[in-house]
1. Which condition breaks for Phe97 when tested against (1) surrounded by fewer than 20 Cβ atoms within 10 Å (Cβ to Cβ); (2) in a strand (DSSP E or B); (3) at pLDDT below 95; (4) not polar (S, T, N, Q)?
2. Any idea which of Lys29, Lys119 is closer than 30 Å to Ser153 by Cβ and free of Cβ contacts under 8 Å to residues at least 12 places away in the same chain?
3. For Arg187, which of the numbered conditions (1) under 25 Å from Met21 (Cα atoms); (2) of a type in the set (D, E, K, R); (3) touching an Asp or Glu at 6+ places or on another chain (Cβ under 7 Å) fails to hold?
4. May I ask you to list the residues in region 1-37 that are hydrophobic (A, V, I, L, M, F, W, C) and not in a helix (DSSP H, G or I)?
5. Counting just the residues of region 176-213 that are surrounded by fewer than 16 Cβ atoms within 10 Å (Cβ to Cβ) and either farther than 20 Å from Phe15 by Cβ or β-branched (Val, Ile, Thr) (or both), which one comes out nearest to the chain's Cα centre (by Cα)?
6. Identify all residues within region 82-94 that are exposed (fewer than 13 other Cβ atoms within 10 Å of the Cβ) and assigned to a helix (DSSP H, G or I); write none if there are none.
7. Mind checking which residues of region 130-145 are closer than 21 Å to Thr113 by Cβ and either exposed (fewer than 13 other Cβ atoms within 10 Å of the Cβ) or among the β-branched types (Val, Ile, Thr) (or both)?
8. Quick check on region 145-175: of everything there that is part of a loop (DSSP other than H, G, I, E, B) and either in contact (Cβ under 8 Å) with a residue 12 or more places away in the chain or among the hydroxyl-bearing types (Ser, Thr, Tyr) (or both), which residue is farthest from Leu129 (Cα to Cα)?
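The values are calculated or read from the model by the stated rules, or taken from the named source; none is laboratory data. What you see is a predicted model, and the numbers here were worked out from it, not measured in a lab. Positions of Cβ are generated from backbone atoms using ideal geometry, with glycine treated the same way; all protein chains shown enter the neighbour counts.
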Amino acid sequence: MTDQLFYTSAAGNSFLLSFDMNASFEALKGYALAGGYKPDGYILFDDINESYFEWRFLNNDGSEVDFCGNALRAVGVCAKQAFGFDEININTLAGMFEVKALSDNEFKAQMPTPSLRKKIKVEGFGETLLVDAGVPHLLLKVGQFDQEVLNKSALSIRGLKLEDDAQNYNLTFYTEGSPVPCVTFERGVEGFTKACGSGALAVAFLKSFEADQKMDVDLKMPGGTLKVNYEGESVFMTGPAQIDKTIK
């Protein structure tokens, strides 16, 4: 096992990766602060064994979550560049997922099969979908992306008494376009991130739900474009990932 730390990004979503499953969150955050890094999340691995990983994923506030779509590709780029693996399997709390390198900086990751959890009426948005895409996302359609308006909307929704506690899921805003523009206010980060893989997956599910058939969808997040496609019963996401810095 390597004791290296990697600072990575996947479509603008940033992560600090440690190959020590028992690493202290406080110590890892200390490394990030000392280096001037501001990761959206922290990924902790156990020993690599024949291209198989166990992981834990922690938000920026230290809370543990089941899944992060962009983080899969961030793991993929480290496995390729640090260990020479073009294909790996990652065991997450949401299930086991395969990641393949298409090039040095483009990766295709198997994703959870998204599903509709329920419909929720939200003041100012009408009936919206709460979608499980490995983690839950409330999908909110807007006419255009105005950051000030999005910030106010996100904070307002967090304060509403909805059928479900708004603190327990992400808020993904989208509008019409091709690729489909979308951006996510992530729990645990408590702010908008440059990309969110599960948020993009949730919006792709919405498009298939509206069309009443599985559709391949391209999605444009502030940090880059992500592609969602179906192969039989499985769904995959393709997008960029890179190592920005090997910290030690």
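1. (1)
2. Sole residue among the options that is closer than 30 Å to Ser153 by Cβ and free of Cβ contacts under 8 Å to residues at least 12 places away in the same chain: Lys119.
3. With (1) under 25 Å from Met21 (Cα atoms); (2) of a type in the set (D, E, K, R); (3) touching an Asp or Glu at 6+ places or on another chain (Cβ under 7 Å) applied to Arg187, the lone miss is (3).
4. Within region 1-37, Met1, Leu5, Phe6, Ala10, Ala11, Phe15, Leu16, Leu17, Phe19, Met21, Ala23 qualify.
5. So, considering only residues that are surrounded by fewer than 16 Cβ atoms within 10 Å (Cβ to Cβ) and either farther than 20 Å from Phe15 by Cβ or β-branched (Val, Ile, Thr) (or both), the one nearest to the chain's Cα centre (by Cα) is Pro179.
6. Across region 82-94, the qualifying residue is only Phe83.
7. Val131, Val135
8. Phe145
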